[in-house]
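Undergrad: Questions regarding the structure given below will be posed in turn.
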Amino acid sequence: MNDYKKPNLSVTVGNLSLKNPVMTASGTFGYGEEYADFVDINKLGAIIVKGTSLKARCGNPPPRIVETPCGMLNSIGLQNVGVKAFIREKLPFLRSFSTPVMVNIFGETIDEYTTIASELGRIHGISGFELNISCPNVGAGGIIFGVDPASAYKVVEAVRKTTNLFLMVKLSPNVTDIVSIAQSVKKAGADAISLINTITGMAIDIETRRPKLGNITGGLSGPAIKPIALRMVWEVVSHVSIPVVGVGGIMDWKDALEFLIVGARAIQVGTANFINPRATLDIIDGIEKYLIDKGIEDINNLIGSLALSEGSLK
Amino acid sequence: MFQVETEVVFNHQVGPSYYKIGLRAPEIVHSASPGQFVMVRVSSKLDPLLRRPFSIHRIAKKDSVSFEILYKVVGKGTEIMSSLRQGDGIDVMGPLGKGFSILPHPKDLPSQIIYLVSGGMGIAPLYALAESAVIDGRKKVAVFLGGKTKEDILCLDDLKRLGVEIHISTEDGSLGSKGVVTQLLEERLQIPSNPEVIYACGPIPMLKKVSLISQECHIPCQVSLEAYMACGVGACLGCVIKKRLDKGTETYVNVCKEGPVFDAHAVKFP
Ligand SMILES: Cc1cc2nc3c(=O)[nH]c(=O)nc-3n(C[C@H](O)[C@H](O)[C@H](O)COP(=O)(O)OP(=O)(O)OC[C@H]3O[C@@H](n4cnc5c(N)ncnc54)[C@H](O)[C@@H]3O)c2cc1C
Ligand SMILES: Cc1cc2nc3c(=O)[nH]c(=O)nc-3n(C[C@H](O)[C@H](O)[C@H](O)COP(=O)(O)O)c2cc1C
Ligand code: FES
């Protein structure tokens, strides 16, 4: 019984090598230390930390969280300690692991994005960036960078010029044509794309007739958004040639496999961490068991193996 | 912090919509202190999705392997919880957050009195504090219990057994004096010999008032707060309240990690 070979779980996303395809999604795993009692961080494929801006941000007024059927809305408002405190207080802990650390960065102007990227680019212990472009561009009247192919192009191009580190761009699902955004992000020089960020939503208290979130609207995450995320990943992998990382509603190994089969090179686990703090590790174990059961020696043989016509599954 | 997949030891109804559940979790029992809380996953389904936060109600028995939660059925999650039976599986994370701090007892001095002020469910964490203070023989305890009706006055028998001083008020006068619990507290504070610390848990307006009263009397005050929570460990930043800093500035802090117990005089109540 023990003559089976352990399947290969390692993948590459652009020039980044990961021991397995499971990452933590930004904003759902803090800076790693919050979950260190539950998760051996060395076992993760990569860790993506909370969205980081140039200056500390205090975030939105509470309530910031409301549960909806099979999902949750959040309006955290990108509260974070700022890039300097991140380097000083949060990074030393993360450096003690072998797992690649990616910093999710965002700004209100293109300048802010490039300043953070160049500041972090000089620091030891960071493997790459995830660019959150689901933020309003204050310099351009508050339109979200990521909903317009031209402004998405500009911000990615500017960051690309300031850093040689791995650059992944995280797309917002709140757009009519995800493919055109993905294409312009690729043209601007991104190494990879991750999607999706949360879907804008709302909830009302019918007794008080007030919005349930202090910020009125928020971002929907969790199992409720998985079908949308999966469809968007499918559209992007079908039309854009750079690697894609799937995010959205992944709760267990079966959900993760759906994204991999559709063509995602890796996946991120978000809301699931809150419900099961060991979700990432359970997903890694579940994927490995599935590969053994199916006699698949290398996870790369599974990625993108979606069978579109009957009988095409080998 | 631990995540334990464990079982229900008992689950009793203790009032019209109040229940007490016992959960087997030696890891949590041995590391918890009064005022800390747990996050409970009431079912393995995806709806309700998030864990629910509950104060640790009883942990005092040193040799015990289980702890208790006192809860009120208010929605989907607590409804499911109330239907659990002995032996059913349940998933808990804890102990979480910072609990109450009890001042060390100075040698050669008579033990000091502390006041515990509870509105409704507020007794859930305060009972753990009372029990620990009494059992260790460190403090004398006076408990002020407030509720809408006599049905909302919980743990009376347990408190009597502990032998603490008890004051009761109900808004409809069906038990104790008629009125709100902060009135009782104010009356008691008229008598000289102030308590060492006032500890409070209950609805926000009540906590705000207790904080004001304690400030006027120059008595330290600790309050246990609630907030909507997703992670319970400081990762999501969803559970914030406003805290006053020096120099008149304010900041958001996590209830789950920096609290749920706070110095009342540093909290900026809504
Ligand atoms: C640190 C902490 C300790 C707590 N300790 C206890 C306890 O010992 N006993 C107890 O009965 N309850 C306690 N609560 C409140 C308890 O978490 C909520 O009552 C519970 O989550 C409701 O779940 P539900 O699915 O039944 O209700 P839902 O269907 O989610 O909501 C029903 C109602 O409850 C309110 N509510 C929901 N979640 C919370 C929350 N996190 N805080 C405040 N109100 C909420 C909603 O506004 C709504 O009106 C505590 C909360 C916190 C943050
Ligand atoms: C509480 C919370 C905070 C988040 N913060 C960020 C963030 O700072 N930056 C970012 O790019 N995405 C953020 N996200 C989005 C997640 O990384 C992820 O894209 C989204 O939640 C969908 O995945 P999920 O359904 O698995 O949670 C946040 C999500 C949640 C729930
Ligand atoms: S509940 Fe997530 S930070 Fe407090």
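Undergrad: Against the longest principal axis of chain B, how steep is helix B:204-216, in degrees 0 to 90 to the nearest 10, with axes from Cα atoms?
TA: Once rounded, one gets 30 degrees.
Undergrad: Right, something else. Using only Cα atoms, what is the ratio of the radius of gyration of the protein assembly as shown to 2.2 N^0.38 Å?
TA: 1.06
Undergrad: On a 1.4 Å probe surface of the protein chains, which of B:Glu186, A:Glu67 comes out largest in accessible area, and what is the full order?
TA: Ranking B:Glu186, A:Glu67 by accessible area, largest first, yields B:Glu186, A:Glu67.
Undergrad: Once you keep just the Cα pairs under 8 angstrom separated by 6 or more residues, what percentage relative contact order results for the range A:11-301?
TA: For the range A:11-301, the relative contact order is 20 percent.
Undergrad: Residue by residue through the range B:82-94, what is 3J(HN,Hα) from phi via Karplus (6.51 cos²θ - 1.76 cosθ + 1.60, θ = phi - 60°)? Round to whole Hz and write x for glycine and proline.
TA: Each residue of the range B:82-94 in turn: 5, 8, 5, 10, 3, x, 5, x, 7, 10, 10, 10, x Hz.
Undergrad: How big is the C-alpha Rg of the range B:164-218 next to the rule-of-thumb value 2.2 N^0.38 Å, as a ratio?
TA: Scaled against compact globular proteins, the figure is 1.14.
Undergrad: Find the percent of Cα-Cα distances in the range B:33-92 that exceed 15 Å, and round it to a whole number.
TA: Every Cα pair in the range B:33-92 considered, those over 15 Å come to 53 percent.
Undergrad: Let me ask something additional. Just to confirm my numbers, what's the Cα centroid distance between the range A:226-283 and the range B:205-221 in Å?
TA: Spelled out, the Cα-based centre of one part sits 50 Å from the other.
Undergrad: Calculated from DSSP H runs of 4 or more alone, at -39500 (n - 2.57) each and per residue, what is the 222 nm mean residue ellipticity of the protein assembly as shown, nearest 500?
TA: -7000 deg cm²/dmol
Undergrad: How are the alpha carbon pair distances in the range A:127-227 distributed across 5 Å bins from zero to the largest one, expressed in percent?
TA: Here the calculated profile for the range A:127-227 is 2, 12, 21, 20, 17, 12, 8, 4, 3, 1, 0.
Undergrad: Additional query: Return the loop-located chymotrypsin sites (Phe, Trp or Tyr not before Pro) in the range A:126-230 (DSSP other than H, G, I, E, B) with at most 10 other Cβ atoms within 10 Å of their own Cβ; answer none if there are none.
TA: Hits after loop and neighbour filter: nothing returned.
Undergrad: Quick one: Debye curve from the C-alpha atoms of the range B:62-110, no solvent, what's log10 I(q)/I(0) at q = 0.16, 0.17 Å⁻¹?
TA: -0.74, -0.79
Undergrad: With only alpha-carbon atoms counted, please give the Rg and Dmax of the range B:112-227, in Å.
TA: Expressed in Å, the Cα Rg and Dmax of the range B:112-227 come to 12.9, 36.
Undergrad: Something else: Tell me the angle of helix B:123-135 to the major Cα principal axis of chain B, expressed in degrees between 0 and 90 and rounded to the nearest ten.
TA: For B:123-135 against chain B, the angle is about 70 degrees.
Undergrad: In the protein assembly as shown, what percentage of the DSSP-assigned beta bridges are antiparallel, given to the nearest 5?
TA: So the antiparallel bridges amount to about 50 percent of the total.
Undergrad: Give me the distance between the Cα centres of the range B:7-83 and the range B:100-117, rounded to whole Å.
TA: 28
Undergrad: Turning to a different aspect of this structure: Could you grab the Rg to Rh ratio for the range A:31-91? Cα atoms only, Kirkwood for Rh.
TA: My calculation of the ratio gives 1.04.
Undergrad: In percent, how large is the relative contact order of the range B:141-207, given Cα pairs closer than 8 Å and 6 or more residues apart?
TA: With pairs under 8 Å counted, the relative contact order is 27 percent.
Undergrad: Could I ask something else about it? Give me the angle, in degrees from 0 to 90, between the Cα long axis of helix A:253-262 and the longest principal axis of the Cα atoms of chain A, rounded to the nearest 10.
TA: That helix lies at roughly 90 degrees to the long axis.
Undergrad: For B:Lys148 and B:His30, what is the calculated FRET efficiency with R₀ set at 35 Å and r taken between the beta-carbons, to the nearest 0.05?
TA: Result of the calculation: an efficiency of 0.45.
Undergrad: Over 5 Å intervals from 0, what percent of Cα-Cα pairs in the range A:228-314 sits in each interval?
TA: Computed distribution, short to long bins: 3, 14, 24, 24, 19, 12, 3, 1.
Undergrad: Still on this model: Quantify how strongly other chains surround peptide A:31-37 by giving the mean number of their Cβ atoms within 10 Å of each of its Cβ atoms.
TA: 4
Undergrad: Over the range B:1-115, what is the relative contact order in whole percent, taking alpha-carbon pairs under 8 Å and six or more residues apart?
TA: For the range B:1-115, the relative contact order is 37 percent.
Undergrad: Between the range A:152-174 and the range B:226-270, what's the alpha-carbon centroid distance in Å?
TA: 34
Undergrad: If the viscosity is 0.890 mPa s and the temperature 25 °C, what translational diffusion coefficient in µm²/s does Stokes-Einstein give for the range B:1-107 when Rh comes from Kirkwood over Cα pairs?
TA: After rounding, the answer is 173 µm²/s.
Undergrad: Would you mind getting me the FRET efficiency between A:Asn301 and A:Thr200? Use the beta-carbon distance for r and R0 = 41 Å, nearest 0.05.
TA: 0.65
Undergrad: Mind putting together the pair-distance distribution for the range B:207-270? All Cα pairs, 10 Å bins, whole percent per bin, short to long.
TA: Bin by bin from 0 Å, the calculated values are 23, 49, 24, 4.
Undergrad: Follow-up. B:Lys268 label point, 7 Å along Cα→Cβ, cut-off 14 Å on backbone N: hits in the range A:39-80?
TA: A:58-62
Undergrad: Hey, what's the Kirkwood Rh for the range A:11-301 if you take every pair of different alpha carbons, in angstrom?
TA: Kirkwood hydrodynamic radius for the range A:11-301: 19.0 Å.
Undergrad: Next question. Computed over the Cα atoms, what is the radius of gyration of chain B divided by 2.2 N^0.38 Å, N being its residue count?
TA: That ratio works out to 0.98.
Undergrad: Could you tell me the ratio Rg/Rh of the range A:175-267? Both radii from Cα atoms, Rh via Kirkwood.
TA: My calculation puts Rg/Rh at 1.08.
Undergrad: Beyond 27 Å, what share of the Cα-Cα pairs of the range A:156-314 is found? Please give it as a whole percent.
TA: 33
Undergrad: Can you give the accessible area buried between chains A and B, summed over both chains, with a 1.4 Å probe, in Å² to the nearest 100?
TA: That pair of chains buries around 2500 Å² in total.
The values are calculated or read from the model by the stated rules, or taken from the named source; none is laboratory data. Note that the structure is a prediction, hence the values are computed from the model and not measured. Here the Cβ is made from the backbone with ideal geometry for all residues, glycine too, and neighbour counts use every protein chain on show. Just so you know, the surface numbers come from the protein's heavy atoms only, side chains and all, with ligands and any DNA or RNA stripped out. Shrake-Rupley method; radii C 1.70, N 1.55, O 1.52, S 1.80 Å.
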